[in-house]
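Read through the structure below, which is laid out as structure tokens, and then see the notes.
The values are calculated or read from the model by the stated rules, or taken from the named source; none is laboratory data. If you're wondering where the values come from, they're calculated on a predicted model, not measured in any experiment. The protein model used for the area step is the full one, side chains on, heavy atoms only, and it has no ligands, DNA or RNA in it. Shrake-Rupley method; radii C 1.70, N 1.55, O 1.52, S 1.80 Å.
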2 protein chains.
Amino acid sequence: MDKFFLTVSQFTDLSADSKQELSSCLEELTLPKGHILVKQDAVCNFLYFIDRGLTRTYYLKDGKDVTDWISDENSFACSIISFITRKPDRRIIELLEPSVLFSVHYNDLESLCSKHHDIENFFRNLVSFGLVQLQQKFDDLHFASALQRYQTLMTTHPTFIQRVPLGMIASYLGITQETLSRIRSQI
Amino acid sequence: MDKFFLTVSQFTDLSADSKQELSSCLEELTLPKGHILVKQDAVCNFLYFIDRGLTRTYYLKDGKDVTDWISDENSFACSIISFITRKPDRRIIELLEPSVLFSVHYNDLESLCSKHHDIENFFRNLVSFGLVQLQQKFDDLHFASALQRYQTLMTTHPTFIQRVPLGMIASYLGITQETLSRIRSQI
DNA sequence: TTGATTTTTTGACAATTATCAAAGGAAATT
DNA sequence: AATTTCCTTTGATAATTGTCAAAAAATCAA
């Protein structure tokens, strides 16, 4: 749980009391590769912190597998739209490696937020950071070539290239795996 | 200011006290078409609420004009990355129509948030909603064809097609204006 | 209204990326 | 070690979209 609170401290300083209450809402999970955290067309009820391992968020678009997001150690994962809107979503979250996670239930998160102002501030900052990250990823997709996008990924997340199969990286970048394979052979 | 608090109430119920303090931090602006709200490579210090009018957020990529976001009545506008990270950004915000806006300074927003728990909750909800919107826009760009993206825009923001020049709509959708013109002639 | 400016459309051609099909490699399981 | 499964590469071809250039249409201002 140390890594969790170290990550939290990058967003906000929590009081001892708030830390205590927050930690009592966390559940530690040790799960195997391939485990499905969030099923298709389900409501995502948990926010996950990744202590060790790797998650992939993806969905099926006309039968094709589209990788939406990849999260590694010391970051958070959830099916954003579903978690926030409380509605089912097509996004599936799976583990790409055996992982150790901490989960918080949506209801606990909301009651922690209304009870503790500093926890509400933490989550505002966390969501704000998520928004910045998504905006940067959006910019990349908006008017950068496939090669540029691959190069951006290599600098921002160099380990993904080792840890994630090429086909998943490709759809994460918005291209087919054949195109990515050809781009790689040209570098 | 009525429209502002009506919009706020869709996210949170604020106490009379909080409303009072928030409204005293708002500044009403009446500005002409073409006015630049945020300059290139500047820090965006204000969050704007659009009472009347239309804003466009764009940037120059290799000399080309790329429309990033369009905001109309009863929504908010700011240069997201800059406003949150407090760093300069290439994004420019201009008015596409003569507009009436309410602005809040970043510093005021932060002090309001630390002073009033309910205002912090409002902004957490606002940022969460922004994240959901951006995720939906991202999905659209990720694996939908140019035609599909245009059709999505026509259903979600039908007025934009009337109010915004085609070239701006095109780059908002991630395509050239020639391609959009051809798509339109096929429908 | 008329000229100037901006916006939109059209055409010809090029570049990028996708699709379909198949072959090679790598990794895991028996 | 052999077999099955998954992952990656390569080739041929097609579809989509971009680029450059110019004309047509709409809008704005004097």
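Here the Kirkwood formula, the inverse mean of 1/r across different C-alpha pairs, assigns region A:144-187 a hydrodynamic radius of 10.2 Å.
Amide H to amide H distances under 5 Å link A:D68 with A:T57, A:Y58, A:Y59, where only residues 5 or more positions off or on other chains count and H is placed in the peptide plane. Calculated translational diffusion coefficient of region B:2-139 (37 °C, 0.692 mPa s; Stokes-Einstein with Kirkwood radius over alpha-carbon pairs) equals 212 µm²/s.
Against the main long axis of the alpha-carbon atoms of chain A, helix A:146-156 sits at an angle near 40°. Equivalent-ellipsoid semi-axes for the protein assembly as shown (Cα gyration tensor, √(5λ), whole Å, largest first): 32, 31, 17.
The 3J(HN,Hα) values that the Karplus relation (6.51, -1.76, 1.60; θ = phi - 60°) gives for region B:76-92 are, in residue order, 10, 9, 6, 8, 3, 4, 5, 4, 7, 7, 6, 10, x, 9, 5, 5, 10 Hz. Gly and Pro appear as x. Taking a straight line from the alpha carbon of A:K115, these lysines sit under 16 Å away, with near neighbours fewer than eight places off in the same chain left out: A:K19, B:K115. In the complete set of protein chains, residue-level accessible area for A:E27 is approximately 100 Å², probe 1.4 angstrom. Think of it as helices only: each DSSP H run of n ≥ 4 in the protein assembly as shown is worth -39500 (n - 2.57), and spread over all residues that comes to -15000 deg cm²/dmol at 222 nm. Each part gets one Cα centre, and for region A:43-60 versus region B:1-73 those centres are 33 Å apart. Taking amide hydrogens as placed 1.01 Å from N in the peptide plane, the amide H of B:E97 sits under 5 Å from those of B:G34, B:L54, each at least 5 positions away in sequence or on another chain. Seen against the Cα atoms of chain A and their longest principal axis, helix A:117-143 is set at about 10 degrees. Beyond 19 Å in Cα-Cα separation lie the following of the pairs A:K39/A:K87; A:K64/A:K87; A:K61/B:K61; A:K39/A:K61; A:K33/A:K64: A:K64/A:K87; A:K61/B:K61; A:K33/A:K64.
Taking Cα atoms only, the orientation of helix A:106-115 departs from the longest principal axis of chain A by about 50 degrees.
For A:M1, the solvent-accessible surface computed with a 1.4 Å probe is close to 90 Å², ligands and nucleic acids excluded.
P(r) for region A:83-154, from all Cα pairs and a bin width of 5 Å, is 3, 11, 12, 16, 20, 17, 11, 6, 3, 0 %, short bins first.
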